[in-house]
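Asks: I have a structure here, written as structure tokens, and I will follow up with some questions on it.
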Amino acid sequence: RRIALAETAPQEEHMLRVLVLSGTNHSFDQCAPIVARAISSAPDVEVTLTDDKSVLASRWLAGFATVVHGIGFTRRQRQPDGTIANLPELAPAEEEGLLSYVRGGGGFVGVHGTGWWIGGEAFRLIGGHANWHPAGLEFQVHIERPNHPSVAGVGDFLVTDEIYMSAWDPAIDVLATATWAERKHPVVWTHSYGYGKVFYTTLGHGPATFENPSVQALLRNGTLWAARRG
């Protein structure tokens, strides 16, 4: 649904405003309401849920402390000749608006498909990417850095999802991993992009993942961490 951002109530000084951008790509429209509810359960947080991507190229973006982005940067579409093309999900002005926002100090939370089939500046924003995964399965998420605020109070947990085979910048801070084929694969990490904080998780193939209390806690913690400067 679309929210008229110009008509939203002014932010109270003590509130953190969070934008959750929904959309059909990666079926995030089915997940975003669950994500929004989980984040809004934190005290002093005001969540705006919208599928209007034009906000990324508007002056209203600066009013949010963090953007939660699960619709990705590319959309796979079958061409007339039967091949599959990876097309941009965001208009150039929307993508540049988002990148500029984070470079300038805005928080960013990327979810699952946000890191799927990307390159260039989107890769530098996320800190990694993937273009393959084994079939969905149940696996354990192991918390590697229990003292980081983004995973505070979250222990190892089971989830049924996809394990992305990611390539990543060695500068990222890996907070949680999953094991597949006797190798650890990062599933939660953080890093900086310009002056902004970035929290990313490969988890989130469908709504069931976001109903998991541990996943909700990760997203809530990660959003708060990304929102707070310094």
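Asks: Does the range 41-62 hold any residues that are open to solvent by 30 Å² or more (accessible area, probe 1.4 Å), in contact (Cβ under 8 Å) with a residue 12 or more places away in the chain and more than 29 Å from residue 130 (Cα to Cα), and which are they?
Replies: 41, 44, 46, 58, 60, 62
Asks: Out of all the residues in the range 150-196, which are small (Gly, Ala, Ser), over 21 Å from residue 227 (Cβ atoms) and crowded, with 20+ Cβ neighbours inside 10 Å? Talk me through it step by step, then tell me what you get.
Replies: Applying the first criterion (small (Gly, Ala, Ser)) to the range 150-196 yields 150, 152-153, 155, 166-167, 171, 176, 178, 181, 192, 194, 196.
So of that shortlist, the ones also over 21 Å from residue 227 (Cβ atoms) come out as 155, 166-167, 171, 178, 181.
Selection gives 166, 178.
Asks: Residues to consider are 127, 105, 72, 82; find the one that is on the phi > 0 side of the Ramachandran plot and touching a Lys or Arg at 6+ places or on another chain (Cβ under 7 Å).
Replies: One residue alone meets the criteria, 105.
Asks: Go through (1) in contact with an Asp or Glu (Cβ under 6 Å, 6 or more places away or on another chain); (2) more than 17 Å from residue 222 (Cα to Cα); (3) open to solvent by less than 20 Å² (accessible area, probe 1.4 Å) for residue 133 and report which single condition fails.
Replies: So the condition that residue 133 fails would be (3).
Asks: Now a separate question. Among the listed residues 71, 143, 84, which satisfies the condition of being touching a strand residue (DSSP E or B) at 6+ places or on another chain (Cβ under 8 Å), over 19 Å from residue 222 (Cβ atoms) and among the hydrophobic types (A, V, I, L, M, F, W, C)?
Replies: Criteria check complete, one pass: 84.
Asks: Which condition number does residue 33 fail, the rest of (1) under 28 Å from residue 162 (Cβ atoms); (2) open to solvent by less than 50 Å² (accessible area, probe 1.4 Å); (3) in contact (Cβ under 8 Å) with a residue 24 or more places away in the chain; (4) not in a loop (DSSP other than H, G, I, E, B) being met?
Replies: Exception for residue 33: condition (3).
Asks: Working only within the range 197-230, note down all residues that are buried (at least 24 other Cβ atoms within 10 Å of the Cβ) and either of a type in the set (Gly, Ala, Ser) or over 14 Å from the mean Cα position of the chain (by Cα) (or both).
Replies: Within the range 197-230, 204, 222, 226 meet the criteria.
Asks: Follow-up question, since we're still on this one. Sort out for me the strands (runs of 3 or more DSSP E) sitting completely within the range 119-230 that have 3 or more residues that are farther than 20 Å from residue 19 by Cβ and not hydrophobic (A, V, I, L, M, F, W, C).
Replies: 137-143, 173-180, 183-193
Asks: I'm trying to understand the selection: among the residues of the range 100-117, which are under 22 Å from residue 29 (Cα atoms), at pLDDT 95 or above and among the hydrophobic types (A, V, I, L, M, F, W, C)?
Replies: 108, 109, 111, listed by residue number.
Asks: Of the numbered conditions (1) open to solvent by less than 70 Å² (accessible area, probe 1.4 Å); (2) farther than 20 Å from residue 27 by Cβ, residue 145 satisfies every one except a single condition; which is it?
Replies: Every condition holds for residue 145 apart from (1).
Asks: Here is a further query. Here is a list: 122, 152, 176, 91. Which entry is hydrophobic (A, V, I, L, M, F, W, C) and without any contact (Cβ under 8 Å) to a residue 40 or more places away in the chain?
Replies: 91
Asks: For the range 36-68, give me each residue that is touching a Ser or Thr at 6+ places or on another chain (Cβ under 6 Å) and part of a helix (DSSP H, G or I).
Replies: Passing the criteria: only 39.
The values are calculated or read from the model by the stated rules, or taken from the named source; none is laboratory data. Please read all numbers here as calculations on a predicted model, not as lab measurements. Using ideal geometry, Cβ is built from the backbone for each residue, glycine included, and neighbour counts are taken over all protein chains shown. Protein only, heavy atoms only, side chains kept; ligands, DNA and RNA dropped before computing areas. Shrake-Rupley method; radii C 1.70, N 1.55, O 1.52, S 1.80 Å.
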